[in-house]
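Peer 1: Got a structure for you, written out below as structure tokens; questions coming shortly.
Values in this text are rule-based calculations from the coordinates and carry no lab data. Since this is a predicted model, take the numbers as computed values, not measurements. We place every Cβ from the backbone using ideal geometry, glycine too, and count neighbours over all the protein chains shown.
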Amino acid sequence: MSITGQNLLDKASYITNDLAHIRWTAAETLGWINSGQRVIVLARPDASASNAAFPLVGGSKQSLPAGHLRLIDVPRNGDGRAVRLIDRGELDRFDPDWHNADPGPTRHYIYDQRDPKHFYVYPPAVAADQVDLITSKAPVDLAALSDPITIDDIYETPLIDYLLYRLFSKNGKGADPGKASAYLNAMSTALGAKVQVDAAAAPNTGAVK
């Protein structure tokens, strides 16, 4: 069963001892849950990963679909042939005119993290040819606390930590900067630990290259 905003609020309310939601309203809590999803996706783009076929436009330059934040990988083209990441400088040296090469099925892609919503393909694409794209999608905001979160359920605890950080940061009665800082650190630690675990448990760890 997917975790809802209400599930997060209920767990946070036990910690804040605000079960009646007097100090922190349900409406403001919903806003912080939505913010927390975006913060987590900034730190962990794979928290909202998408893997889907994507139609290319004609030419070398491509744009990610609306609502997608960054490219993670291009595993294959529409013919099922593997597509490999290539360094743009290497391709520029090999063929400075590669953007004007004859179009054909994608064999390589070029991606620069400084321009996260665009990528290039080589050879230049034939319009409507497809590749599989693995991307990070922008999380969809919850419209109500009854809605399920739109990042992976595994991030429930960091989301609660972020929510508590924001709740304890609120000015006035109930504010506790020390607790707020502790919960923010707990969220950061959990996300960092997951990076290390993922790296250690990756199927290609130790693969022959």
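Peer 1: Assign unit charges at the C-beta atoms only (+1 for Lys and Arg, -1 for Asp and Glu), then state the dipole size of the chain relative to its Cα centre in Debye, rounded to the nearest 20.
Peer 2: Values: 21 positive and 24 negative charges, 91 e Å.
With Lys and Arg at +1 and Asp and Glu at -1, about 440 debye.
Peer 1: Something else about it: Taking the number of other C-beta atoms within 10 Å as the exposure measure, put L142, L91 in order starting with the fewest. If you can, show how the numbers build up before the last one.
Peer 2: On the way: L142 20, L91 16.
The order, fewest Cβ neighbours first, is L91, L142.
Peer 1: Read phi for every residue in segment 26-41 and hand back ³J(HN,Hα) as whole Hz from Karplus 6.51 cos²θ - 1.76 cosθ + 1.60, θ = phi - 60°, with x for Gly and Pro.
Peer 2: Values per residue, Gly and Pro as x: 4, 5, 5, 4, 4, x, 6, 4, 4, 5, x, 4, 5, 4, 5, 5 Hz.
Peer 1: Could I ask something else about it? So for the pair D87, D46, with labels modelled 7 Å out along Cα→Cβ, what separation do we get in nm?
Peer 2: 2.5 nm
Peer 1: Okay, next question. Go ahead and set up a Gaussian network model of the chain, Cα springs under 10 Å, then flag whichever of P158, P45, P177 fluctuates most.
Peer 2: P177
Peer 1: Note the full-extension length gain between K11 and Q113 as 0.36 nm times their separation in residues minus their Cα-Cα distance, in nm to one decimal. Please report the intermediate quantities before stating the final value.
Peer 2: Details: separation 102, 0.36 × 102 = 36.72 nm, distance 3.66 nm.
Full-extension gain reported as 33.1 nm.
Peer 1: Which distance in Å, rounded to a whole number, links the C-alpha centroids of segment 117-164 and segment 45-89?
Peer 2: If we compute the Cα centre of each part, the gap is 13 Å.
Peer 1: Same structure, new question: Nearest 10 degrees, 0 to 90: what angle lies between the long axis of helix 177-201 and the longest principal axis of the chain (Cα atoms)?
Peer 2: Rounded to the nearest ten degrees, it is 40.
Peer 1: Over segment 49-136, what is the relative contact order in whole percent, taking alpha-carbon pairs under 8 Å and six or more residues apart? Let's see the in-between values first.
Peer 2: Details: 201 pairs, mean separation 45.1, N = 88.
The normalised contact order for segment 49-136 reaches 51 percent.
Peer 1: Still on this model: Between H68 and residues 5 or more places away or on another chain, which pairs have amide H atoms under 5 Å apart, with H built 1.01 Å from N, and which residues are they?
Peer 2: The answer is A138.
Peer 1: Where does the Debye-calculated log10 I(q)/I(0) of segment 5-137 sit at q = 0.09, 0.14, 0.19 Å⁻¹, using only Cα point scatterers of equal weight, no solvent?
Peer 2: So the normalised log intensities work out to -0.40, -0.68, -1.01.
Peer 1: Right, something else. Can you give the helix-only mean residue ellipticity at 222 nm for the chain, where every DSSP H stretch with n ≥ 4 adds -39500 (n - 2.57) and the sum goes over all residues, rounded to the nearest 500 deg cm²/dmol? Please list the in-between numbers first.
Peer 2: Working: 5 runs with 75 residues, N = 209.
Result for the chain: -11500 deg cm²/dmol, rounded to the nearest 500.
Peer 1: Further, regarding this structure: What does the charge dipole of segment 49-136 about its Cα centre add up to, to the nearest 20 debye, if the Cβ of each Lys and Arg holds +1 and the Cβ of each Asp and Glu holds -1? Working shown, then result.
Peer 2: On the way: 10 positive and 12 negative charges, 51 e Å.
The dipole of segment 49-136 has a size of about 240 debye.
Peer 1: Further, regarding this structure: Going by a ≥ b ≥ c, the root eigenvalues of the Cα gyration tensor, does segment 77-132 fall in the rounded group (a/c under 1.5), the prolate group (a/b larger than b/c) or the oblate group? Don't skip to the answer; put the middle values down first.
Peer 2: Details: a/c = 1.68, a/b = 1.23, b/c = 1.37.
Judged from the Cα gyration tensor, segment 77-132 comes out oblate (a/c at least 1.5, b/c at or above a/b).
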